[in-house]
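What follows is one structure encoded as structure tokens, with my remarks underneath.
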Amino acid sequence: MAEKRYWLVKSEPGSYSIDHLKADRRTAWTGVRNYQARNLMRDGMQPGDLVLFYHSSVEPPGVVGLARVAGAAYPDPTALDPQSEYFDEKATHEDPRWFLVDLEFVEKYPRMVPLDEIRQTKSLAKMPLVNRSRLSVQPVQPAEFESIQRLARKG
């Protein structure tokens with residue numbers, strides 16, 4: 001079995017929040033249209049990997065909960081749907097171009113870990129998130145994951 005990996009996904013809470021995931025229990029992580037983020041989902045994410053759920057485009061932005069990769073990557077059906085905002089006219093069933101994973105809810109943290117606090121935490125200084133990465137899917141090192149877990153649970 002492959003070693004468990006850790007990830008961070010960004011979502012605007014007005015579109016899809018940790019509370020939506022909690023209510024749905026599981027969702028297809030559709031609509032990723034950046035090749036690097038797609039490659040991370042398609043080639044890197046494995047069932048059982050843990051995912052930090054990050055609310056972006058809000059004040060303050062921050063990590064609000066935890067999800068788990070619920071299955072292997074598969075083609076994103078929204079790329080083939082002309083009615084979808086994520087439709088890609090170059091995508092075909094033979095060459096789907098875009099992939100996704102299903103995420104399942106694990107927990108909503110007792111407290112949000114705001115981006116400013118993440119930036120001020122020395123052990124998190126090398127996270128792509130801190131270094132202004134705009135990627136909606138990012139790898140997280142095990143020690144970084146543990147640091148975020150501790151911050152989310154501190155009183």
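Yes/no matrix, rows are residues, columns are (1) at pLDDT below 95; (2) closer than 20 Å to Pro139 by Cβ:
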{"position": "Val9", "(1), (2)": "no, yes"}
{"position": "Lys22", "(1), (2)": "no, no"}
{"position": "Met41", "(1), (2)": "no, yes"}
{"position": "Pro47", "(1), (2)": "no, yes"}
{"position": "Ala70", "(1), (2)": "no, yes"}
{"position": "Asp81", "(1), (2)": "yes, no"}
{"position": "Glu85", "(1), (2)": "yes, no"}
{"position": "Phe99", "(1), (2)": "no, yes"}
{"position": "Lys108", "(1), (2)": "no, no"}
- [ ] Can you work out which of the residues in segment 15-41 that are polar (S, T, N, Q) and more than 12 Å from the chain's Cα centre (by Cα) is nearest to Pro75 (Cα to Cα)?
- [x] Asn39
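Please return the ranges of strands (runs of 3 or more DSSP E) entirely within segment 1-91 where 3 or more residues are surrounded by fewer than 20 Cβ atoms within 10 Å (Cβ to Cβ).
Values: elements: 6-11, 26-28, 50-55, 62-69.
Once the strands (runs of 3 or more DSSP E) in segment 1-91 are filtered for at least 3 residues that are surrounded by fewer than 20 Cβ atoms within 10 Å (Cβ to Cβ), what remains is 26-28.
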Open item on the list: Here is a check on your reading of the model: is Ser84 within 18 Å of Ala28 (Cβ to Cβ), of a type in the set (S, T, N, Q), touching a helix residue (DSSP H, G or I) at 6+ places or on another chain (Cβ under 6 Å) and touching a residue at least 60 places away in the same chain (Cβ under 8 Å)?
Closed with: no
Open item on the list: Any residue at all in segment 108-118 that's in contact with an Asp or Glu (Cβ under 9 Å, 6 or more places away or on another chain) and in contact (Cβ under 8 Å) with a residue 60 or more places away in the chain?
Closed with: yes
TODO: Can you confirm whether segment 147-155 contains a residue that is modelled with pLDDT of 95 or more, among the polar types (S, T, N, Q) and closer than 20 Å to Lys22 by Cβ?
DONE: yes
TODO: Under 8 Å between Cβ atoms, at least 6 apart or on separate chains: pull out the pairs that start in segment 21-39 with a residue that is under 12 Å from Val101 (Cβ atoms) and end on any residue that is assigned to a helix (DSSP H, G or I) and β-branched (Val, Ile, Thr).
DONE: Thr30/Thr78
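The values are calculated or read from the model by the stated rules, or taken from the named source; none is laboratory data. Every value quoted in this text rests on a predicted model; they were computed, and no experiment measured them. So basically every Cβ, Gly included, is an ideal-geometry build from the backbone, and we count neighbours across all protein chains shown.
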